[in-house]
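The values are calculated or read from the model by the stated rules, or taken from the named source; none is laboratory data. Please read these numbers as outputs of a predicted model, since none were measured by experiment. Every residue, glycine as well, gets a Cβ built from its backbone with ideal geometry; the counts of neighbours run over all protein chains shown. Protein only, heavy atoms only, side chains kept; ligands, DNA and RNA dropped before computing areas. Shrake-Rupley method; radii C 1.70, N 1.55, O 1.52, S 1.80 Å.
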Amino acid sequence: MLTETTNVQSELPPLAAQFASSPRGVRLARRLAVRHMEERGYPPASDASCAVALVVAELAANAVLHGRVPGHDFGLRVALDTAAGLVRVEVADAASAKRPPATPPSSVPEGESGRGLLLVDALAVRWGSAPRHPLGKTVWAEVSIARPTASNET
């Protein structure tokens with residue numbers, strides 16, 4: 001479970017789960033986030049759900065690729081604040097020393113990787129990281145969302 005406090009207050013319980021630090025764990029985290037968004041009135045094909053799914057996938061993939069410590073899972077927390085129009089995504093891993101850069105790195109057009117934080121930066125209102133005690137870090141992003149329309153509410 002993530003221990004960092006957030007500025008986003010939710011009227012509904014947030015999603016909080018642990019996943020194996022593997023590509024399968026990343027897929028499961030993304031799918032669970034999409035289901036969580038759908039339960040909150042944002043269909044899987046909606047802009048809000050797609051943006052959250054992409055942010056979850058990128059942050060979780062980075063946790064697996066750069067923050068993996070053998071024997072440790074990564075954590076996911078997704079909190080909606082419909083009044084503020086924000087979704088806060090937090091991904092925690094066990095690697096304290098490997099922090100993301102303060103700004104997204106420039107991408108090399110012919111490179112096969114390195115665009116994840118560029119995508120997060122484009123989709124998020126703001127993002128960053130914080131130490132997690134006793135071990136690791138939490139990388140977070142806040143995504144702006146519109147309120148679900150009456151036809152989308154469940």
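Side notes on the structure shown:
- Among ARG132, ARG24, the order of accessible area from largest down is ARG24, ARG132, computed with a 1.4 Å probe on protein heavy atoms.
- Dmax and Rg, reported as Rg then Dmax, of the stretch 30-78 (C-alpha, Å): 12.1, 37
- Largest to smallest accessible area among SER22, SER144, SER49 [probe 1.4 Å]: SER144, SER22, SER49
- Among the GluC sites (Glu not before Pro) in the stretch 10-101, those located in a DSSP loop and surrounded by at most 10 other Cβ atoms within 10 Å of their own Cβ are GLU11.
- Whole-Hz ³J(HN,Hα) from phi, Karplus 6.51 cos²θ - 1.76 cosθ + 1.60, for the stretch 116-127, glycine and proline x: x, 5, 5, 5, 4, 4, 6, 8, 9, 5, 7, 7
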